[in-house]
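Asks: Can you keep this structure in mind? I'll have questions shortly.
The values are calculated or read from the model by the stated rules, or taken from the named source; none is laboratory data. Just so you know, these numbers come straight off a predicted model, no measurement behind them. Positions of Cβ are generated from backbone atoms using ideal geometry, with glycine treated the same way; all protein chains shown enter the neighbour counts. Side chains are part of the model used for accessible areas, which takes the heavy atoms of the whole protein and leaves out ligands, DNA and RNA. Shrake-Rupley method; radii C 1.70, N 1.55, O 1.52, S 1.80 Å.
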Amino acid sequence: MVNPRPETVHVLDNHSLVRHHMSMLRDVSTAPAAFRQHVKILSLLLLAEATRDLRMRDCAVTTPMEAMQGQQLAGRIAAVPILRAGLGMTAAVTELIPDVEVRHLGFYRDEQTAQPVRYYDKLPAGAPADVALLLDPMLATGGSACMAIETLREWGVGRIVMLSIIAAPEGIRLVTERFPDVIIYTCVIDRELNDRRFILPGLGDAGDRMFNTVGE
């Protein structure tokens with residue numbers, strides 16, 4: 001575990017539902033369909049915490065009993081899944097924030113260097129979102145996360161919040177050192193990376209398990 005945790009890192013590992021669904025997610029016998037469902041549930045739990053303080057605006061509401069003043073989300077919010085595994089977290093965001101913009105960034109890991117390589121970026125020129133929710137189930141080395149954050153900064157996003165289901169101390173350290181203003185929400189911080197840069201004890205490759213491509 002990262003100790004002490006940076007103030008910008010929020011870990012939900014004391015939540016009963018997080019502990020339950022994390023155990024199911026880690027289990028090697030969990031089938032792809034169930035794996036995707038656990039990813040979605042954990043993403044919903046993360047999102048509920050990560051969106052506590054989004055900007056609001058007043059609005060008029062008429063209940064069956066009387067008129068009152070309510071509040072609605074203000075500004076543009078973008079969900080930015082890192083392909084491909086980040087796609088598994090997207091349904092949770094569109095369910096809770098139906099008007100969210102979904103933007104995609106694609107990276108793959110060079111198996112020789114363990115460094116990220118960007119292969120997809122379709123962010124529109126100009127007019128950046130006010131808030132970007134960066135989605136990646138696994139924060140391992142932090143390389144892809146940092147490249148994605150740099151890309152969002154170049155787009156002009158003012159506030160970036162990263163949501164990862166599982167994280168390694170090495171990834172947490174890199175992101176918080178390079179981008180101290182980026183808030184990270186994760187379900188758990190695991191022990192370490194192995195020599196292949198996989199998280200231990202981890203859950204394997206989230207993308208392979210999610211999309212049933214293990215062993216390919």
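Asks: Just the Kirkwood number for the range 1-69, please: inverse of mean 1/r across all distinct Cα pairs, in Å, one decimal.
Replies: 15.4 Å
Asks: Still on this model: Do any GluC sites (Glu not before Pro) in the range 1-89 lie in a DSSP loop with no more than 11 other beta carbon atoms within 10 Å, and if so, which?
Replies: Working: sites: GLU7, GLU49, GLU66; in loops: GLU7, GLU66.
Those that pass, being in a loop and sparsely packed, are GLU7, GLU66.
Asks: How long, wide and thick is the range 91-138, going by the Cα atoms along their three principal axes, in whole angstroms, largest first?
Replies: 40, 26, 13
Asks: Dimensions of the chain along principal axes (Cα, Å, largest first)?
Replies: Between the extreme Cα coordinates on each principal axis of the chain lie 61, 38, 36 Å.
Asks: Can you tell me the dipole magnitude for the chain around its Cα centre, using point charges on the Cβ only (Lys, Arg +1; Asp, Glu -1), in Debye to the nearest 20?
Replies: Taking the Cα centre of the chain as origin, the dipole is about 100 debye.
Asks: Something else now. Starting with the highest mean, order 149-155, 118-124, 196-202 by the number of other Cβ atoms within 10 Å, averaged over the residues of each peptide.
Replies: 149-155, 196-202, 118-124
Asks: Taking only the Cα atoms of the range 77-118, how large is their convex hull per residue, in Å³?
Replies: So the per-residue hull volume is 56 Å³.
Asks: Can you give the accessible area per residue of the chain, in Å², using a 1.4 Å probe? Don't jump to the answer; show the numbers that get you there.
Replies: Values: 11090 Å² over 216 residues.
That works out to 51 Å² per residue.
Asks: Also: Report the dimensions of the range 49-135 along its three principal axes from the alpha-carbon atoms, largest first, rounded to Å.
Replies: 65, 27, 17
Asks: Write down the percent of antiparallel bridges among all DSSP beta bridges whose residues are both part of the range 1-149, to the nearest 5.
Replies: Numbers: 12 of 21 bridges.
Expressed as a percentage, antiparallel bridges in the range 1-149 total about 55.
Asks: List, in order, the whole-Hz ³J(HN,Hα) value for each residue of the range 169-186 obtained from phi through the Karplus relation with A = 6.51, B = -1.76, C = 1.60 and θ = phi - 60°; use x for Gly and Pro.
Replies: Working through the residues one at a time gives x, 4, x, 4, 4, 5, 5, 5, 6, 7, 9, x, 8, 7, 8, 10, 10, 9 Hz.
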